[in-house]
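Q: Have a look at the structure that comes next, please.
Readers should treat all values here as calculations from the given coordinates under stated rules, not as data from a laboratory. Bear in mind that the values here come from a model prediction, so they are computed numbers and not experimental data. With ideal geometry, Cβ positions are generated from the backbone for all residues, glycine too; neighbour counts draw on all protein chains shown.
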Amino acid sequence: MGESNWAGNLTYGADAVTTPRTVAEVQEAVVAAAHVKALGSRHCFNAIADSPGGVLLDLHALDAGVEIGDGTVTVGGSARYGDFAQQLHNAGFALPNLASLPHITVAGSVATGTHGSGRRQPGLAAAVSGIELVTADGELRTFTRADAEFPGLVVGLGALGVVTRLTLDVVPAFDVRQDVFDGLPWDAVDRHFDEIEDAGYSVSMFTNWANGTIDQVWLKSRVDDFTERASLFGAVPADGPRHPAHAAGIPAGNCTPQQGVPGPWHERLPHFALAFTPSVGDELQSEYFVPYEHAAAAVRAVREIGALVAPLLLVSEIRAIAGDELWLSPCHGGDRVALHFTWQPRQPEVEAVLPVLEERLAPFGARPHWGKLFHGVPSGYPRLADFRALAETLDPRGKFRNPFLRRHVFGG
């Protein structure tokens, strides 16, 4: 077939890719297929969205429109956040948070527990209040927070059906400024982690784990709740725009505006502008979530193997996310700190390092990002049995399961 994911590190094993243009066509395709999975922006770095020997539904042509209501917005599952954010802003509303890139689809982001940054901001899935889902028998069903199984449906890993529409909670529109600081000492991370995380609405620290300091700290602050800072625990204001992966020579112009220039939420909360290739482009990614209270210890554990990971890195990011109660969310049950690794496209070498990295993070109960590269079987999900039971109810023949899900979720 020859179709591949965004990074080009995975060629799908499906027999065919179809492009439904209506929900009815999605229903027909699901009924006709023995094995089927949905594709969004293809930003997963592993085989979670593949359907070996089956059918992939490319949903990019499924335009369901945007409906802005009283405190909510309803969009098609294939919509990218960057596609409707301006329309939402023009109507006076905002999403509480966005991921680092606005290029990803709502359904795919939500299904894998993708997130933004901010100690008091939960992941993107927490904003979901309604889901329209095509189940294995082709039925179109709608679920809301009033349904008991709803917390299991949101971060569904594509294992429960094809998401065709989602309703998201919104808040009044707000403006954000972005300030970057260079050279944060490591001992400041160890001694002042809480204060650093509280310094902005959204905080990201960028490092390669081997340098003597954190390279950059990005503070995204609501304009109506901004505190001027001459320094940040030893870090100094950047003298110009920055790109997180500056060592790769990527121009800072690909990023959202910095240096304290105010702008609407959707043009500041992401790191990367919609008009440009996000991050580096030619890359691999991994990410691990540890309980917030273990953040400093987990950071020290990774620093101890900095000489091992740094040669493979483009950049690494440290950020906090508020907890939620969604069954398979990496942030289920409490606040987390995410340690993100943007790797060079050297998959064999990266896969050789992952077991070492996971061994270092295991004492802290680390959970991997479902859509990125990891080695072991994820654990520490107390509602996993409930999720499996829900999947049996909605998809008793395993139409939406694939080898990835059978190994990592269903115990196969």
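Q: Given a cut-off of under 8 Å on Cα pairs at least six residues apart, what relative contact order in percent is computed for segment 66-173?
A: 34
Q: For the chain, set up a GNM with springs between Cα atoms under 10 Å and report which of 120, 80, 336 has the largest fluctuation.
A: Per the Cα network of the chain with a 10 Å cutoff, 120 tops the list.
Q: Given the C-alpha centroids of segment 173-234 and segment 28-71, what is the distance between them in whole angstrom?
A: 37
Q: I need 142, 256 ordered by Cβ neighbour count within 10 Å, fewest first.
A: Listing 142, 256 from fewest to most nearby Cβ atoms yields 142, 256.
Q: Picking from 389, 146, 64, which is most flexible by a Gaussian network model of the chain using Cα springs under 10 Å?
A: In the Gaussian network model the winner is 146.
Q: Give the span of segment 265-412's Cα atoms along each principal axis, as three whole-Å numbers ordered largest to smallest.
A: Between the extreme Cα coordinates on each principal axis of segment 265-412 lie 45, 39, 33 Å.
Q: Per 5 Å bin, what is the whole-percent P(r) computed from every C-alpha pair distance within segment 224-343?
A: Percent of Cα pairs in each bin: 2, 9, 14, 17, 20, 21, 13, 4, 0.
Q: On to the next question. Work out, in µm²/s and without decimals, the Stokes-Einstein translational diffusion coefficient of segment 197-254 at 25 °C, 0.890 mPa s, Rh from Kirkwood over C-alpha pairs.
A: Numbers: Rh = 12.8 Å.
Translational D for this selection: 192 µm²/s.
Q: Rg and Dmax of segment 190-291, using alpha carbons, in Å: what are they?
A: 14.2, 39
Q: More than 25 Å apart: what percent of Cα pairs in segment 66-173 qualify?
A: That tail contains 14 percent of the Cα-Cα pairs.
Q: With bins 5 Å wide starting at 0, give me the P(r) of segment 111-257 over every alpha carbon pair, in whole percents.
A: So the P(r) values, bin by bin, are 2, 8, 14, 16, 13, 11, 10, 10, 8, 5, 2, 0, 0.
Q: Exactly which GluC sites (Glu not before Pro) in segment 301-335 are in a DSSP loop and have at most 11 other Cβ atoms within 10 Å?
A: 304
Q: Now, a different point. With each pseudo-label sitting 7 Å past Cα toward Cβ, what's the residue 392-residue 149 distance in nm, one decimal?
A: Going by the 7 Å Cα→Cβ label model, 1.2 nm.
Q: With no solvent and one point per C-alpha, what does the Debye sum give as log10 I(q)/I(0) for segment 1-64 at q = 0.29 Å⁻¹?
A: For segment 1-64 at q = 0.29 Å⁻¹, log10 I(q)/I(0) is -1.28.
Q: Among the GluC sites (Glu not before Pro) within segment 90-155, which fall in a DSSP loop and have no more than 14 other Cβ atoms within 10 Å of their own Cβ?
A: Qualifying residues, ordered by number: 139.
Q: Now for a separate question. I want to check the label-to-label distance for residue 86 and residue 385. Put each point 7 Å from Cα in the C-beta direction and report it in nm to one decimal.
A: 5.1
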